[in-house]
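*Asks:* Starting off with a structure, shown below.
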Amino acid sequence: MRLTRFYIILVTIPALLAGISIFFGRYPLTIENVFNVLFGLVLNHNVDPTHLGIVVHIRLPRIILGAMVGASLSVSGAAFQGMFRNPLVSSGMLGVSSGAGFGAALALILFDHFFWVYPFSFGFGLIAVLLCFIIGRFTSANQSITLVLGGVIVGSVFSALISFLKYVADPMDELPAIVFWLMGSLSRADYTHILVAGIPMIAGTIGLIAVKWKLNVLAMGDREAQSLGLNVKAYRLFVIICATLATAGAVCVSGVIGWIGLVVPHMGRMLTGNDNRRLIPACISIGACFLIIVDDISRLLTSSEMPLGILTSILGGPFFIYLLKKTKGRQW
Amino acid sequence: MVTMTSLTLNNAGFSYGDTSIFKNITLEVHPGSTLCILGPNGSGKTTLMDALLGIHRLTHGSIYINGKDIRHLSPGQIARVLAFVPQNHAKHFSFSVRDVLLMGRSAYTHTFGSPGPKDLRIVDATLAQFNLSHLAHRDYTRLSGGETQLVMIIRALVQDTPIIVMDEPTAHLDFKHEITVLETIVRLIRNQGKTLIMATHFPNHAFFLENQGLDIEVGFLHREQLHMEGSPSDALTWENLRRYYGVDTCIMEYNTQKTGKIKQIFPISTTKEA
């Protein structure tokens, strides 16, 4: 029964937040306007096409995509922390974010059409993780540590490459586009994004849910996990594939939104404890809520949208400290 | 437990690159027996344990479980026969003791599954059996070293295997907890009929088990070879301790009213070559 209540809470809170968020935005719509659109859709009334467009084609996809991106980054971060037994790693640990950032910058320079940013960032995100794996193969030592190290190396190489691209980019239009993309935004959200980027995000997330208890066992260390009967290498590969798909899917549509994949898992740990059977679902829910809220603030705060990467850190930091004080790091 | 599971090593050898750790080990571990592997630190005991558990692949020879080469067994299949109690358990995340014990059921869960109510019942029953039910909801990172070791042993029991492999089960424990853990081990062998393979660098542990009236075989891992020397009384002689450990000792016997004759090794000095 307690478990049922737990899942009801996990679904209800993001749903409520999404419902409230639909009323927020830059375009002045009254509460009544929004209700008119919503009831109009259900009852098939005629509604103001501008209002309809704003609610259904701008606000709603943005909220849905925000929830998916937040959930994907958080759940991947939680899975990586558990599997690498390191509370300081995040969803971008194996270089996905830097690789994706490089891919996006490259596409912005090479092509005029923004479309190419998505396949390039997604593809280079995967290539970065693959490179980590190849580096990990060079030694026979503890593979977890080599992978983490590989992530640091690949990440810094791609960061340097991003800097190089910024250096050579046209400062009038390409450079601002790259900088803005790297700070993360949901402003381009539409239903195509949700459908296409949603496939890797949802597939990865479902995969991680499926092995949530096995993550507990993996947290015991490779040697113990294997002696307990787990095929450690196979599970590690599976977790990395799932987390990489989810993160790359999220990053390619939203840009680099830092901090979520590191801190949301810790919020989850403070609230539910470290048992991944609860932590993984909790991270999905908290991550979704967190990014919905941050994106609401981003839309409301200034007339030109504040990039999400800035806000997640500015808001996440104090909130994290508050949680730390409130729970005193209990169960953590 | 009446399943007769045999473990056989045939000419087993392992080397890291050019460095040979052990070689030519041929041994049969009989069901219900206890094998105490003695040897100083760095003699290769842990590597031998890892080879038995299928974590390291032998570079020579083979290990058979019930006649099957462990090279052809999956981690899950091995884990249903051999449970492992580690020497140093590194704790990274605070799990409840119950959650840690549930991990003993890994080998019985589906690829994408979690343990179910039946597994939880096994955990709770095993805890109760050792009067440790009060630990169930405790944060295991806050347990003492001795309690942690007991939890690790109970996890091995939850794993429900005929054979338990222990690597230095009493390392880093205080005086009382060392005895508590040894007494628990005696219980496993006597009441549960487990086959036990225990690596230790304390020769007195073999005597402790023998003093409790158990049937123990002692093997010394020395210069890459495993020398089987029989029961503790036969094996732990001052000649052997001098040969394998380089320590001069005397073996003391003492009669107590409660337990009868007990034996202990007293170290005197390291062997000075004449």
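The values are calculated or read from the model by the stated rules, or taken from the named source; none is laboratory data. All of these numbers come straight from a predicted model, not from anything done at the bench. Methodologically, a virtual Cβ is constructed for each residue, glycine included, from the backbone with ideal geometry; neighbour enumeration extends over all protein chains shown.
*Asks:* Can you name the residue in the range A:290-314 that is more than 19 Å from the chain's Cα centre (by Cα) and assigned to a helix (DSSP H, G or I) and is also modelled with the lowest pLDDT among such residues?
*Replies:* A:L301
*Asks:* With (1) modelled with pLDDT under 90; (2) closer than 24 Å to A:I22 by Cα as the list, and A:K328 as the residue in question, which single condition is left unmet?
*Replies:* Condition (2) is where A:K328 drops out.
*Asks:* State which residue pairs qualify: first residue within 14 Å of chain B (Cβ to nearest Cβ) and inside the range A:230-254, second residue among the polar types (S, T, N, Q) in any location, beta carbons under 6 Å apart, and separation of 6 or more residues or different chains.
*Replies:* From residues that are within 14 Å of chain B (Cβ to nearest Cβ), the pairs are A:L230/B:S106; A:V232/A:Q226.
*Asks:* Contact list please: Cβ distance under 7 Å, first residue in the range B:254-274 and more than 15 Å from B:L209 (Cβ to Cβ) and of a type outside the set (F, W, Y), second residue at pLDDT below 85 and assigned to a strand (DSSP E or B), pairs at least six apart or on different chains.
*Replies:* Going by the 7 Å Cβ cut-off, the qualifying pairs are B:N255/B:K261; B:T256/B:I262.
*Asks:* Listed residues B:V151, B:V181, B:V158; which is away from every other protein chain (no Cβ under 11 Å), among the β-branched types (V, I, T) and touching a Ser or Thr at 6+ places or on another chain (Cβ under 8 Å)?
*Replies:* B:V181
*Asks:* Quick one: A:V154 ticks every box in (1) modelled with pLDDT of 90 or more; (2) within 14 Å of chain B (Cβ to nearest Cβ) except a single one, so which number is it?
*Replies:* (2)
*Asks:* Please determine whether any residue of the range B:224-238 is in contact (Cβ under 8 Å) with a residue 24 or more places away in the chain, closer than 17 Å to B:T200 by Cα, in the same structural domain as B:H201 (by TED's automatic domain parsing) and of a type in the set (D, E). Let's see the steps before the verdict.
*Replies:* Within the range B:224-238, the first condition is being in contact (Cβ under 8 Å) with a residue 24 or more places away in the chain, and the residues that meet it are B:224-226, B:228, B:232-233, B:235-236.
Restricting the remaining residues to those that are closer than 17 Å to B:T200 by Cα gives B:224-226, B:228, B:232-233, B:235-236.
Applying the additional criterion that residues be in the same structural domain as B:H201 (by TED's automatic domain parsing) yields B:224-226, B:228, B:232-233, B:235-236.
Okay, now just the ones that are also of a type in the set (D, E), so B:224.
Checked the range B:224-238: at least one residue is in contact (Cβ under 8 Å) with a residue 24 or more places away in the chain, closer than 17 Å to B:T200 by Cα, in the same structural domain as B:H201 (by TED's automatic domain parsing) and of a type in the set (D, E).
*Asks:* Can you name every residue in the range A:88-130 that is more than 18 Å from the chain's Cα centre (by Cα), within 16 Å of A:A197 (Cα to Cα) and surrounded by 24 or more Cβ atoms within 10 Å (Cβ to Cβ)?
*Replies:* none
*Asks:* Of the residues that make up the range A:239-258, is at least one part of a helix (DSSP H, G or I) and within 30 Å of B:A156 (Cβ to Cβ)?
*Replies:* Taking the range A:239-258 and keeping what is part of a helix (DSSP H, G or I), we get A:239-254.
Narrowing the set further to residues that are within 30 Å of B:A156 (Cβ to Cβ) leaves A:239-240.
Taking every residue of the range A:239-258 in turn, at least one turns out to be part of a helix (DSSP H, G or I) and within 30 Å of B:A156 (Cβ to Cβ).
*Asks:* Further, regarding this structure: Given the residues A:G273, A:G268, A:G317, which is the only one that is over 24 Å from A:W181 (Cα atoms), surrounded by fewer than 24 Cβ atoms within 10 Å (Cβ to Cβ) and not acidic (D, E)? Please lay out each step first, then the result.
*Replies:* Details: A:G268 fails: surrounded by fewer than 24 Cβ atoms within 10 Å (Cβ to Cβ); A:G317 fails: over 24 Å from A:W181 (Cα atoms).
None of the other options fit; the residue is A:G273.
*Asks:* OK, next. Go through the residues of the range B:176-193 one by one and say whether even a single one is touching a Phe, Trp or Tyr at 6+ places or on another chain (Cβ under 6 Å), of a type in the set (A, V, I, L, M) and closer than 12 Å to B:V81 by Cα.
*Replies:* Scanning the range B:176-193 turns up no residue that is touching a Phe, Trp or Tyr at 6+ places or on another chain (Cβ under 6 Å), of a type in the set (A, V, I, L, M) and closer than 12 Å to B:V81 by Cα.
*Asks:* From the list A:R188, A:R137, A:R223, which one is within 14 Å of chain B (Cβ to nearest Cβ) and either more than 30 Å from B:R80 (Cα to Cα) or charged (D, E, K, R) (or both)?
*Replies:* Result of the check over A:R188, A:R137, A:R223: A:R223.
*Asks:* Does the range B:8-38 hold any residues that are at negative phi and within 14 Å of the chain's Cα centre (by Cα), and which are they?
*Replies:* Scanning the range B:8-38 gives B:V29, B:S33, B:T34, B:L35, B:C36, B:I37, B:L38.
*Asks:* Against the definition (under 13 Å from the mean Cα position of the chain (by Cα) and either in a helix (DSSP H, G or I) or not aliphatic (A, V, I, L, M) (or both)), how does B:V218 come out, yes or no?
*Replies:* Spelling it out, it is not the case that B:V218 is under 13 Å from the mean Cα position of the chain (by Cα) and either in a helix (DSSP H, G or I) or not aliphatic (A, V, I, L, M) (or both).
*Asks:* Give, as residue ranges, the helices (runs of 4 or more DSSP H) completely inside the range B:99-201 that count at least 3 residues that are modelled with pLDDT of 90 or more and more than 30 Å from B:T47 (Cα to Cα).
*Replies:* By residue number, B:117-129.
*Asks:* Hey, another quick one. Looking at the range B:99-112, is at least one residue touching a residue at least 24 places away in the same chain (Cβ under 8 Å), over 19 Å from the mean Cα position of the chain (by Cα) and more than 10 Å from chain A (Cβ to nearest Cβ)?
*Replies:* no
*Asks:* I'd like to know if the range B:104-124 contains one or more residues that are surrounded by fewer than 21 Cβ atoms within 10 Å (Cβ to Cβ), among the hydrophobic types (A, V, I, L, M, F, W, C) and farther than 20 Å from A:V211 by Cβ.
*Replies:* yes
*Asks:* Looking at the structure I just gave you, is A:S159 in contact with a helix residue (DSSP H, G or I) (Cβ under 7 Å, 6 or more places away or on another chain), small (G, A, S), part of a helix (DSSP H, G or I) and surrounded by fewer than 23 Cβ atoms within 10 Å (Cβ to Cβ)?
*Replies:* Taking the combined requirement at face value, the residue satisfies it.
*Asks:* If you check A:V47 against the conditions, is it crowded, with 17+ Cβ neighbours inside 10 Å, in contact with a Gly (Cβ under 9 Å, 6 or more places away or on another chain) and either at pLDDT below 85 or more than 19 Å from A:S121 (Cβ to Cβ) (or both)? It would help to see each step written out before you state the result.
*Replies:* On the way: crowded, with 17+ Cβ neighbours inside 10 Å: yes; in contact with a Gly (Cβ under 9 Å, 6 or more places away or on another chain): yes; either at pLDDT below 85 or more than 19 Å from A:S121 (Cβ to Cβ) (or both): yes.
Judged against the criteria, A:V47 is a match.
*Asks:* Same structure again: Can you give me the number of residues within the range B:45-89 that are surrounded by 21 or more Cβ atoms within 10 Å (Cβ to Cβ) and at positive phi?
*Replies:* Summing the residues that are surrounded by 21 or more Cβ atoms within 10 Å (Cβ to Cβ) and at positive phi in the range B:45-89 gives 1.
*Asks:* For the range B:53-90, name all the residues that are more than 10 Å from every other protein chain (Cβ to nearest Cβ), assigned to a helix (DSSP H, G or I) and not β-branched (V, I, T).
*Replies:* B:R71, B:H72, listed by residue number.
*Asks:* While we're on this one: Kindly provide the set of residues from the range B:125-142 that are among the polar types (S, T, N, Q) and within 20 Å of A:W213 (Cβ to Cβ), ordered by number.
*Replies:* Restricting attention to the range B:125-142, the residues satisfying the condition of being among the polar types (S, T, N, Q) are B:126, B:129, B:131, B:133, B:141.
Hits for the range B:125-142 are B:T126, B:T141.
*Asks:* Related question: Let me confirm something: among B:R142, B:R138, which residue is loosely packed, with under 13 Cβ neighbours inside 10 Å, charged (D, E, K, R) and without any contact (Cβ under 8 Å) to a residue 60 or more places away in the chain?
*Replies:* B:R142
*Asks:* Taking the residues in the range B:204-256 that are over 26 Å from B:N191 (Cα atoms) and among the aromatic types (F, W, Y) as candidates, determine which candidate is modelled with the highest pLDDT.
*Replies:* Looking at residues that are over 26 Å from B:N191 (Cα atoms) and among the aromatic types (F, W, Y), I get B:F220.
*Asks:* Here's a follow-up. Within the range A:16-37, track down each residue that is surrounded by 15 or more Cβ atoms within 10 Å (Cβ to Cβ) and outside any loop (DSSP other than H, G, I, E, B).
*Replies:* A:L17, A:A18, A:S21, A:N33, A:V34, A:N36, A:V37
*Asks:* What number of residues within the range A:144-172 are within 15 Å of A:V256 (Cβ to Cβ) and over 22 Å from the mean Cα position of the chain (by Cα)?
*Replies:* Total meeting the criteria: 4.
*Asks:* Here's something else I'd like to know. Among the residues of the range A:186-216, what is the count of those that are within 14 Å of the chain's Cα centre (by Cα) and not in a helix (DSSP H, G or I)?
*Replies:* Selection size over the range A:186-216: 1.
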